[in-house]
Amino acid sequence: MATVSMTVNGKSVSADVEPRTLLVEFIRQNLHLTGTHVGCDTSQCGACVVHVDGRSVKSCTMLAMQADGAAVTTVEGLATNGKMHPIQKAFNEHHGLQCGFCTPGMLMSAIDLIKRHPNPSEETIRHELEGNICRCTGYQNIVKAVKAAAQEMGG
Amino acid sequence: MTDTGIGASVRRKEDRRFTTGKGRYTDDIHRPGQAIGYFLRSPHAHANIKGIDTTAAKAAPGVVAVLTGADYAADGFGNPICGWTVTGKNGEGHIAPPHPTIAVDKVRQVGDAVALIVAETLDKAKDAAELVEVDYEELPAVVNIADALASGAPQIHAEAPGNLCFDWDIGDKAATEKAFSAAAHVTTLELVNNRLVPNAMEPRAAIGEYDSGSEEITLYTTSQNPHVARLVISAFVGLAPENKLRVIAPDVGGGFGSKIFIYPDEIAVAWAARKLDRPVKWTAERSESFLTDAHGRDHITKAELATDKDGRILGLRVATLANFGAYLSTFATAVPTYLYATLLSGQYAIPTIYAEVKGGFTNTSPVDAYRGAGRPEATYVVERLMERAARDLGIDPAEFRRRNFIGTDQFPYQTPVILNYDIGDYGASLDKALEMIDYGNFAGRRAASERNGKHRGIGFAAYIEACGIAPSAAVGSLGAGVGLWESAQVRFNPTGSVTVFTGSHSHGQGHETTFAQLICDRLGVPFESIEIVHGDTKEVPFGMGTYGSRSLAVGGTAIAKACTKIVDKGKKIAAHLMEAAVDDIEYKSGVFKVAGTDRQTTMAEVAFAAYVPHNFPEGVEPGLNESAFYDPLNFTFPAGTHIAEVEVDPATGTVDIVDWVAVDDFGNVINPMIVEGQVHGGIAQGIGQALLEGCVYDRETGQLLSGSYMDYAMPRADDLPNFRVGLTNTPCTHNELGVKGCGEAGAIAAPAALMNAITDAIGSEIDMPATQEKVWRAVQSRRMAAE
């Protein structure tokens, strides 16, 4: 066992984990933050995307120990004081989700892409979200939502 | 129309929890003291099990139990069943070999469960699984259905000689042969409908829990129809009587059919929890989902269309081989028969049809209903044949379809293959789609593409589907083991808010919003004061669940009927409160009025009076809480036209979808935003089938080659275009909402539309998926043949 400590959604957390524990396992099982999902076992689907020190990361592809000392944000950390993040509002407004399973990862990836491309074209959005699989929406409304959120966020 | 009533694009209630990470999917649930289950699965497609040694695994750290098929058999419980009897040409029911919950002496597909390891953590369970020694004697395997039905194929079940499950037919063989002998032209196509893996993003999962005090089992599971799961696990498996088995399907992350079925894994988890008197959780890894979720499609078909000299259809003849995999899944037999061949008339007045279907076993994962279930396969046959025939006859494909459409004056229309279409206007959808895609200028666009060295093609699919599944008497006469009605309970709370219990289940469809709009419309209750409850057999009246685009047409109609009962009772209470005769009470939008006066009372006041009945009409029971069960009178028949336009690069084989128009007739629409979203998602899955997805097994070894997202091409954001969606409306004639269902249309129409566009562009017929390599080879061989 090894001790890991990090900040998750602004709170300091610490736990003893097996060295092989993945970041997503730490988040879901140790912290019981179940908004971060696991949809595959090959780092393809993107349901587990979180932010580590401000960058989007597939948390199934990182050991918890690699995030030792980092600041992690999960989907639960997006709304502040009950106020929804623009990306959350945009997904609701543009019907960018159906079953909701891919949504947390999709939101986290979208925020990162907007940060890097403040005024993204449709092509950029589609390319950037290539690592997040959605089986429900056909992506059209997700693209719309990301575009709207980018504008709202001042792109 | 109010801003939250019928017809409004109300933003979804359920989004708040899903966008804030507060969804509650099965794997998110932690039960006190829960252990973790892990299945050891067969690495072989076909093998005898000579022995299993679990000694070392049982002694491994953190292991609670290692359970085998022998343990399960010793406890005397039953196994998963197939609930639909198909009677073949020989007058006998299909052959249904046993499907062991955990394999005992033989495995028949890669992924068959051989042992269930229960441990304190997943890692410990997996470590212990490595220590289980299974002595396999490998047998030859067969994966392709034509191979399996050929003589000399490996025999998979002793009960099914030659691997045949049934040999079934429908329609008038003699009349069809006569039509073909009189034909001026016969168009023939051989088609493969590729096997697909449904791939709901949430993998299947289950938590079994046993309360030894009440002797009740609770099963949390990823189900589209928790009551049906309870019924099967009680009545056929026998784990617990229905009153001692609670099935909870919490938030479910997509289904597309794959979560209808009662799988062995969930049964084993519930059994283990009871046996060990401890909660046991199992969540499939994605590779496990690829191996154990029921797959879709997998047909090989020869289809022939007879036409006269004027391009009118005289008859249709179809022969299909359907692959069921190693075992029959819950509704497998219905899919390539009553959900497929009954749709072969399409939108057309075809005087005679004859179809034969042989279903059989292979060493592959079971195949069952996947989005559309039989109807995409039927549309694919009919619409590729229509397109091919139009090209052969030199008739414009739109005109050829129009010439053969069932006319608006022909409804109700009895097809030669059982179904009776209540209403439709196929010309209206086609016209609108032609206008939207600017069909008149296609030739110019094609010429422009050619100038740029690209081949442009256009393809149509004028589809029909039978939804709102289904009238119980009708499906019962065709072999269904269940009725297919739906239940609803509308319960006013004393302060005027409403809780609705529905037997249908939402796993992405947005029922919490759509059904609330219906309540809003019928009862005048504010949208935010309505709660929709589904998915828990202990809370909700027995219901049949969600599949076959039935939730609104059947479940919604049940809710509407319960609302009518609420209003009827409300009138009696209102009449008493206002000292008027019941017959003088008029009701509209949540307000009861005494006719011809300004006296009125509201639904909220009536509800309060019902629960605080100090001043109440004699003979009326207190409370305002009504139930309804609705059994539909007929299927609903959504229909429409999709048109795809593509550009193919002959140098690379790349297919670029440059435009997509979908015009659908779903009858009345409650929430256009949600309906459009369903259409988008369906088309995406249809494009996936046509362009990207193909489930591939090794023909020699039976190994699944496309067993992960590295190998199975899921449609991603940059693979898909935008879709332009339009609606036409002929309201359904036999449910009071006039609704038909929208969940499957896209997946039904899209494969044929896209393949017709691609074959138009490249000038030769190819099978799905039209991968870049396949398209390139077709273009090159045509070019070489021309040179």
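The values are calculated or read from the model by the stated rules, or taken from the named source; none is laboratory data. None of these values were measured; they are calculated from a predicted model. We place every Cβ from the backbone using ideal geometry, glycine too, and count neighbours over all the protein chains shown.
Of all residues in the range B:302-320, count the ones that are in a strand (DSSP E or B) and surrounded by fewer than 21 Cβ atoms within 10 Å (Cβ to Cβ). Outline the logic, then answer.
We begin by selecting, within the range B:302-320, every residue in a strand (DSSP E or B); these are B:302-307, B:313-320.
Next, only the ones that are surrounded by fewer than 21 Cβ atoms within 10 Å (Cβ to Cβ) stay: B:302, B:304, B:319.
Here the count works out to 3.
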Original post:
If you go through the range B:161-177 one residue at a time, do you hit one that is over 25 Å from residue B:337 (Cβ atoms) and over 31 Å from the mean Cα position of the chain (by Cα)?
Top reply: no
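Is it the case that residue B:80 is in contact with a Lys or Arg (Cβ under 9 Å, 6 or more places away or on another chain), more than 14 Å from every other protein chain (Cβ to nearest Cβ) and not charged (D, E, K, R)? It would help to see each step written out before you state the result.
On the way: in contact with a Lys or Arg (Cβ under 9 Å, 6 or more places away or on another chain): no; more than 14 Å from every other protein chain (Cβ to nearest Cβ): yes; not charged (D, E, K, R): yes.
No, not satisfied.
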**OP:** Being in contact (Cβ under 8 Å) with a residue 40 or more places away in the chain and closer than 13 Å to residue B:570 by Cα is the filter; apply it to the range B:606-622 and report the residue that is surrounded by the fewest Cβ atoms within 10 Å (Cβ to Cβ).
**Re:** B:620
**OP:** Go through the range B:119-146 and give me each residue that's buried (at least 16 other Cβ atoms within 10 Å of the Cβ) and under 32 Å from the mean Cα position of the chain (by Cα).
**Re:** B:122, B:141, B:142, B:143, B:144, B:145
Subject >> Pairs where the first residue, in the range B:38-49, is without any contact (Cβ under 8 Å) to a residue 12 or more places away in the chain and the second is among the aliphatic types (A, V, I, L, M), C-beta under 9 Å, 6+ apart >> reply: none
**OP:** Can you work out which of the residues in the range A:32-45 that are farther than 14 Å from residue B:27 by Cα and out of contact with any Phe, Trp or Tyr (no Cβ under 8 Å at 6 or more places or on another chain) is surrounded by the fewest Cβ atoms within 10 Å (Cβ to Cβ)?
**Re:** A:43
**OP:** From B:296, B:360, B:311, grab the single residue that is small (Gly, Ala, Ser), in contact with a helix residue (DSSP H, G or I) (Cβ under 9 Å, 6 or more places away or on another chain) and at positive phi.
**Re:** B:311
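Only one of B:72, B:38 is outside any loop (DSSP other than H, G, I, E, B), modelled with pLDDT of 95 or more and within 29 Å of the chain's Cα centre (by Cα); which?
Working: B:72 fails: within 29 Å of the chain's Cα centre (by Cα).
Selected residue: B:38, the only one of B:72, B:38 that is outside any loop (DSSP other than H, G, I, E, B), modelled with pLDDT of 95 or more and within 29 Å of the chain's Cα centre (by Cα).
Let me confirm something: among B:562, B:595, which residue is small (Gly, Ala, Ser), surrounded by 19 or more Cβ atoms within 10 Å (Cβ to Cβ) and farther than 30 Å from residue B:779 by Cβ? Break it down stepwise before answering.
Details: B:595 fails: surrounded by 19 or more Cβ atoms within 10 Å (Cβ to Cβ).
Matching residue, one of B:562, B:595: B:562.
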**OP:** State all residues of the range B:688-733 that are more than 12 Å from chain A (Cβ to nearest Cβ), under 19 Å from residue B:367 (Cβ atoms) and of a type in the set (D, E, K, R); if no residue qualifies, say none.
**Re:** B:698, B:699
**OP:** Say whether the condition of being within 15 Å of the chain's Cα centre (by Cα) and surrounded by fewer than 19 Cβ atoms within 10 Å (Cβ to Cβ) is met by at least one residue in the range A:66-75.
**Re:** yes
Subject >> Given (1) surrounded by 13 or more Cβ atoms within 10 Å (Cβ to Cβ); (2) part of a loop (DSSP other than H, G, I, E, B); (3) within 12 Å of another protein chain (Cβ to nearest Cβ), index of the condition residue A:61 fails >> reply: (3)
Original post:
Yes or no: residue A:86 closer than 25 Å to residue B:253 by Cβ and either within 11 Å of chain B (Cβ to nearest Cβ) or at pLDDT 95 or above (or both)?
Top reply: yes
**OP:** Kindly list, by first and then second residue, each pair from a residue in the range B:454-478 that is farther than 30 Å from residue B:780 by Cα to a residue that is among the hydroxyl-bearing types (Ser, Thr, Tyr) and part of a helix (DSSP H, G or I), limited to pairs with Cβ atoms under 6 Å and residues at least 6 apart or on different chains.
**Re:** B:463/B:379
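Filter the range B:80-94 down to the residues that are part of a loop (DSSP other than H, G, I, E, B), at negative phi and surrounded by fewer than 20 Cβ atoms within 10 Å (Cβ to Cβ) and list them by number.
We begin by selecting, within the range B:80-94, every residue part of a loop (DSSP other than H, G, I, E, B); these are B:80-83, B:85-86, B:88-92, B:94.
Narrowing further to those that are at negative phi: B:80-83, B:85-86, B:88-90, B:92, B:94.
B:81, B:85, B:88, B:89, B:90, B:92 - these are the residues of the range B:80-94 that are part of a loop (DSSP other than H, G, I, E, B), at negative phi and surrounded by fewer than 20 Cβ atoms within 10 Å (Cβ to Cβ).
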**OP:** Would you tally the residues in the range A:16-58 being more than 10 Å from chain B (Cβ to nearest Cβ), outside any loop (DSSP other than H, G, I, E, B), of a type in the set (D, E, K, R) and farther than 13 Å from residue A:132 by Cα?
**Re:** 2
Original post:
Could you list, in sequence order, the residues of the range B:366-396 that are crowded, with 22+ Cβ neighbours inside 10 Å and more than 30 Å from residue B:469 (Cα to Cα)?
Top reply: B:389, B:390
Subject >> strands (runs of 3 or more DSSP E) contained in the range B:625-682 and holding at least 1 residues in contact with a Phe, Trp or Tyr (Cβ under 9 Å, 6 or more places away or on another chain) and crowded, with 24+ Cβ neighbours inside 10 Å >> reply: B:639-649, B:654-665
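Considering only residues that are among the small types (Gly, Ala, Ser), in contact with a helix residue (DSSP H, G or I) (Cβ under 7 Å, 6 or more places away or on another chain) and within 13 Å of chain A (Cβ to nearest Cβ), which ones fall in the range B:191-219? Walk me through it before giving the result.
Initial filter on the range B:191-219 (among the small types (Gly, Ala, Ser)): B:200, B:205-206, B:208, B:212-214.
Checking which are in contact with a helix residue (DSSP H, G or I) (Cβ under 7 Å, 6 or more places away or on another chain) leaves us with B:205-206, B:208.
Of everything in the range B:191-219, just one residue is among the small types (Gly, Ala, Ser), in contact with a helix residue (DSSP H, G or I) (Cβ under 7 Å, 6 or more places away or on another chain) and within 13 Å of chain A (Cβ to nearest Cβ), namely B:205.
Touching a residue at least 40 places away in the same chain (Cβ under 8 Å), in contact with a strand residue (DSSP E or B) (Cβ under 9 Å, 6 or more places away or on another chain), polar (S, T, N, Q) and crowded, with 24+ Cβ neighbours inside 10 Å, is that true of residue B:685? Even if it seems obvious, please write down each step before you answer.
Numbers: touching a residue at least 40 places away in the same chain (Cβ under 8 Å): yes; in contact with a strand residue (DSSP E or B) (Cβ under 9 Å, 6 or more places away or on another chain): yes; polar (S, T, N, Q): yes; crowded, with 24+ Cβ neighbours inside 10 Å: yes.
It is true that residue B:685 is touching a residue at least 40 places away in the same chain (Cβ under 8 Å), in contact with a strand residue (DSSP E or B) (Cβ under 9 Å, 6 or more places away or on another chain), polar (S, T, N, Q) and crowded, with 24+ Cβ neighbours inside 10 Å.
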Original post:
Taking residue B:255 and the conditions (1) under 20 Å from the mean Cα position of the chain (by Cα); (2) in a helix (DSSP H, G or I), which numbered condition does it fall short on, given that it satisfies the others?
Top reply: (2)
Subject >> Among (1) of a type in the set (Asp, Glu); (2) assigned by TED's automatic domain parsing to the domain that holds residue B:76; (3) touching a strand residue (DSSP E or B) at 6+ places or on another chain (Cβ under 6 Å), the one test that residue B:304 misses >> reply: (2)
Original post:
How about the range B:275-301: which of its residues are closer than 21 Å to residue B:125 by Cβ, away from chain A (no Cβ under 14 Å) and part of a loop (DSSP other than H, G, I, E, B)?
Top reply: B:277, B:278, B:279
